[in-house]
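A.B. asks: I am attaching a structure below and will ask some questions about it afterwards.
We did not get these values from a lab; they are worked out from the coordinates using the rules stated. The structure displayed is predicted, hence computed values, not measured ones. Here the Cβ is made from the backbone with ideal geometry for all residues, glycine too, and neighbour counts use every protein chain on show.
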Amino acid sequence: MNFEFSEEQNLLREQAHGFLKDNCPPSAVRKILEGKASYDEKLWRQIGEMGWTATAIPEQYGGLGLGYLELCVIAEELGRAVAPVPFSSSVYLATEALLLAANEEQKERWLPKLAAGEAIGTFAFAEGPGRPSPKSLKVALSKGRLRGTKVAVPDGDIAHFAIVVAKSRVGTKRPGISSTARSATSNAPSSPRSTRRARTHRSRCVAPMRSCWVLTGKVGR
């Protein structure tokens, strides 16, 4: 059995490595780390134009329809360069949650924007130290409103939408993304450094986002 990357995947790696070497040097990373910006907007736009954000999204939603090995190759190079972009929150987390549990309307609305790099998404799961589990969830959805705290929320200060894991008394055992919390806004401070410093915000969505979607499922005892 061959565990090596294919010729096409290695070519993709070379292209990604060369691009990041030219466009994401250590000086650019340090500029973001020590400055006021939460991420490198220019680099993020370029990454979207190159199609990296669309790698694992099916073609029917504007993606490239490639596999996770190709995504892995890109991820390794982004990690090597310590690229200051919201790739993990949008691609590894929000995109995968939508593909797993969203209905067709939600997929058609957000996946093309994620594929083009036009939207930044995040996935709010953790509620503090320790391993999250259905039994430990405290954030709850009731009558279309979220109550509780999620911390930390990756790129929560710059996300256009969030998918929040919450418990609900109404639901099925199969996970789904509720639309009842659509466009719920946060009361959290909008400072870019607030999430970077992992401050806890007690609000409906934890961070100032434009939309909030809730991933719910019936939680057993």
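A.B. asks: Can you find, among 57, 84, 69, the residue sitting farthest towards the positive end of the charge dipole of segment 7-85, where Lys and Arg contribute +1 and Asp and Glu -1 at Cβ?
C.D. replies: 84
A.B. asks: Work through the residues other than residue 75 whose Cβ is under 13 Å from its Cβ and net out their charges, Lys, Arg +1 and Asp, Glu -1.
C.D. replies: Numbers: positive: 13, 80; negative: 70, 76, 77, 96.
Result for the local shell: -2.
A.B. asks: While we're on this one: Would you list 151, 91 from fewest to most Cβ contacts within 10 Å?
C.D. replies: 151, 91
A.B. asks: Next question. Please give the charge dipole size of segment 7-85, origin at the Cα centre, charges +1 on K and R Cβ atoms and -1 on D and E Cβ atoms. Round to the nearest 20 debye.
C.D. replies: On the way: 8 positive and 12 negative charges, 96 e Å.
Roughly 460 debye, rounded to the nearest 20.
A.B. asks: Does segment 1-71 come out rounded, prolate or oblate, given a ≥ b ≥ c as the square roots of the eigenvalues of its C-alpha gyration tensor, rounded meaning a/c under 1.5 and, failing that, prolate meaning a/b above b/c?
C.D. replies: Oblate, because a/c is 1.5 or more while a/b does not exceed b/c.
A.B. asks: Loop only by DSSP, 16 or fewer other Cβ within 10 Å of the Cβ. Give me the GluC sites (Glu not before Pro) in segment 75-157 that pass, ordered by residue number.
C.D. replies: For GluC sites (Glu not before Pro) across segment 75-157 that sit outside H, G, I, E and B with at most 16 neighbouring Cβ atoms in 10 Å, the list reads 118.
A.B. asks: Mind giving me the nanometre distance, one decimal, between the label points for residue 8 and residue 30, set 7 Å out from Cα along Cα→Cβ?
C.D. replies: With each label placed 7 Å out from Cα toward Cβ, I get 4.0 nm.
A.B. asks: Straight-line reach from residue 107: which lysines fall under 30 Å, measuring Cα to Cα and dropping same-chain residues less than 8 apart?
C.D. replies: Those lysines meeting the cut-off are 42, 135, 138, 143, 150, 167, 173, 218.
A.B. asks: Between residue 104 and residue 41, how many nm apart are label points set 7 Å from Cα along the C-beta direction?
C.D. replies: 3.7 nm
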